[in-house]
Amino acid sequence: MIYNFDKPIDRRISGAVKWVDLPEGIIPMNIADMEFRLMPEVIEEMKAVAEYGDFGYIGMTETDYQAVLNWIEKRRKVKVLREHIIATPGVLYAARIALSILTKPGDKVIVQTPLHTPSIATPCIMDRIKVENRLIYKDGNYYIDYDNLEDLFKNGAKVLMMCAPQNPTGRVWTYDELSKVGEIVNKYNGYIICDEIHSDIVWGDNVHVSPTQIPVIADRSIAVFSTSKTFNMGGFHVGTAIVPNADLRKKMVDAFYSIGHVCDRPAVMCLRAQTAAYTKGEKWLEEMLAYVDNNFDYTLKALANTPIKATHPEGTFLLWCDINELKWDAEKLRQVMFNDWKVLPDPGSYYDTKDWAVYEGPEHHIRLNLALPRPTLIEAMDRITKYFK
Ligand SMILES: Cc1ncc(COP(=O)(O)O)c(C=O)c1O
């Protein structure tokens with residue numbers, strides 16, 4: 001191993017969101033960033049950019065575009081055309097801009113729950129009507145409800161907001177699954193906005209597929225991704241959209257411009273950091289994946305004799321754990337997390353359409369972020385397993 005993932009980094013002084021208001025002594029396993037230091041190659045690149053000292057109006061060069069395209073070709077084994085990609089200020093930002101060009105206030109927008117909280121919130125924040133296609137939970141795994149999806153489009157929904165790989169369930173949708181979705185969406189002249197922020201974190205034989213690769217729906221799809229999860233660079237606010245349809249691409253670029261963002265001119269430090277990560281970061285990613293995969297093994301073994309049920313996800317560094325057996329309400333879970341475990345996962349209710357602040361149902365899952373140093377993970381698992389003994 002070249003890189004040392006065992007070494008913790010003090011993130012409280014950085015103002016890391018998961019650490020700032022955390023009481024002393026609690027191990028955070030919530031919020032999907034990593035407890036790993038940024039790879040040295042990107043740090044060196046930023047030092048070089050700072051040393052050079054040109055921070056005027058600077059745009060994406062061919063080298064920057066090719067870095068993204070080569071990365072996709074190498075990792076996903078698919079070729080994306082240069083003219084199909086645009087630079088964005090991040091995934092959520094780009095998904096919301098995509099929604100703004102595909103719908104108008106009052107339109108119905110489908111989200112598939114359980115889902116990453118800000119994605120659930122997106123339609124309502126933008127004065128659209130959120131409609132839910134709940135994933136089918138069967139034998140510990142999640143599947144798309146095609147019949148309900150079709151009904152929702154039949155009843156006027158305009159857009160499906162997808163997440164692939166899916167956060168929090170960890171599903172990596174297959175080509176066949178996405179083709180079936182694509183056929184339904186196409187039949188009703190709908191669109192897909194696909195959040196692919198976790199696309200570089202896939203396990204075993206699973207392969208990330210984007211609807212932008214699937215002929216039946218490519219022209220009606222917009223995919224958004226970034227280095228946020230791949231290289232733990234969520235603080236850079238830079239990313240990429242794949243928009244095969246030229247008309248939609250122009251609308252997206254114009255919509256960004258209307259709020260002051262010029263697509264081919266991301267913040268220069270962030271842009272060069274992204275290019276450095278895509279061109280020099282593969283080894284770091286491989287080692288990080290191997291390390292986190294061992295974290296999954298460790299955690300699954302540790303939880304095996306507890307009422308917390310989980311299996312290795314197909315993608316993401318997040319472990320979605322079934323706690324139905326415990327029949328805890330939100331308050332009970334909160335008390336156990338803070339007072340007994342002193343370990344903080346994300347409660348499953350965060351990923352539901354119910355307003356999490358007033359959620360009153362039993363807590364059905366917790367989500368554990370496993371991208372953290374092994375010694376910290378061992379301590380966290382000790383605390384949780386001791387509680388159940
Ligand atoms: C599915 C998903 N989309 C978007 C984001 C955040 O995107 P960004 O890095 O652009 O803020 C996250 C972060 O947890 C995520 O899990």
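No lab work stands behind these numbers, since they all come straight from the coordinates. Source: prediction; values computed, not measured. All Cβ positions, even for glycine, are placed from backbone atoms using ideal geometry, and neighbour counts span all protein chains on display.
Computed from backbone phi, the HN-Hα couplings of the range 98-107 come to 4, 5, 5, 8, 9, 9, 10, x, x, 6 Hz, rounded to whole numbers (Karplus: 6.51 cos²θ - 1.76 cosθ + 1.60, θ = phi - 60°; Gly and Pro given as x).
Quick one: net charge around I323, please, counting Lys, Arg +1 and Asp, Glu -1 for every other residue with C-beta under 15 Å from its C-beta.
On the way: positive: K309, K327, K332, R334, R367; negative: D322, E325, D329, E331, D340, D346, D352, E363.
Surrounding charge for I323 is -3.
Taking all C-alpha pairs of the range 34-174, those more than 24 Å from each other amount to 51 percent.
In which sequence would F153, F388, F225 go, from the one with the fewest C-beta neighbours within 10 Å to the one with the most?
Values: F153 23, F388 12, F225 26.
With the sparsest Cβ surroundings first, the list reads F388, F153, F225.
Amide H contacts of L319: L368, N369, L370, each under 5 Å away and 5 or more positions distant or on a separate chain (H built 1.01 Å from N in the peptide plane; Pro and chain starts excluded).
Once every DSSP H run of n ≥ 4 in the chain is given -39500 (n - 2.57) and the sum is divided by its residues, what mean residue ellipticity at 222 nm do you get, rounded to the nearest 500 deg cm²/dmol? Write out the running numbers ahead of the final one.
On the way: 12 runs with 144 residues, N = 389.
One gets -11500 deg cm²/dmol as the mean residue ellipticity at 222 nm.
Annotation: peptides 56-62, 290-296, 89-95, ranked by per-residue average of other Cβ atoms within 10 Å with the highest first, follow the order 89-95, 290-296, 56-62. Candidate cross-link partners of K332 among the lysines, defined by an alpha-carbon separation under 19 Å and a same-chain spacing of 8 or more, comprise K309, K342, K354, K386, K389.
Close amide-amide hydrogen proximity is noted between C163 and D195, each under 5 Å apart and 5 or more residues distant or on a separate chain (H modeled in the peptide plane; Pro and chain starts excluded). Taking every Cα-Cα distance in the chain and sorting them into 20 Å bins starting at zero, the pair-distance distribution P(r) comes out as 28, 59, 14, 0 percent. At full extension, K79 and D297 could sit 75.1 nm farther apart than now, given 0.36 nm per residue minus the alpha carbon distance. Electrostatic bookkeeping for L285 treats Lys and Arg as +1 and Asp and Glu as -1; over the other residues with beta carbon under 10 Å from its beta carbon, the sum is -2. Scanning residues 5 or more positions from R128 or on other chains, those with amide H under 5 Å from its amide H are G106, with H placed 1.01 Å from N in the peptide plane. Here the ratio of the Cα radius of gyration of the range 261-378 to 2.2 N^0.38 Å is 1.36. Cβ-Cβ distance of K389 and E325, R₀ of 22 Å, FRET efficiency by 1/(1 + (r/R0)^6): the value works out to about 0.85. Here the peptides 5-16, 230-241 are ranked by packing, the mean other Cβ count within 10 Å, and the order with the highest first is 230-241, 5-16.
Residues of the range 144-173 with the amide nitrogen closer than 20 Å to a label point 7 Å from the Cα of K187, along Cα-to-Cβ, please. Answer for this model: 144-162.
Here the contact order of the range 44-280, divided by its residue count and restricted to Cα pairs under 8 Å and six or more residues apart, works out to 26 percent.
Any chance you could run the full-extension gain for T311 through K180? It's 0.36 nm times the residue separation minus the Cα-Cα distance, nm to one decimal. Walk me through the numbers on the way to the answer.
Values: separation 131, 0.36 × 131 = 47.16 nm, distance 2.57 nm.
This chain segment gains 44.6 nm when fully extended.
If the segment from D205 to T117 were pulled out straight at 0.36 nm per residue, it would be longer than the present Cα-Cα gap by 28.9 nm.
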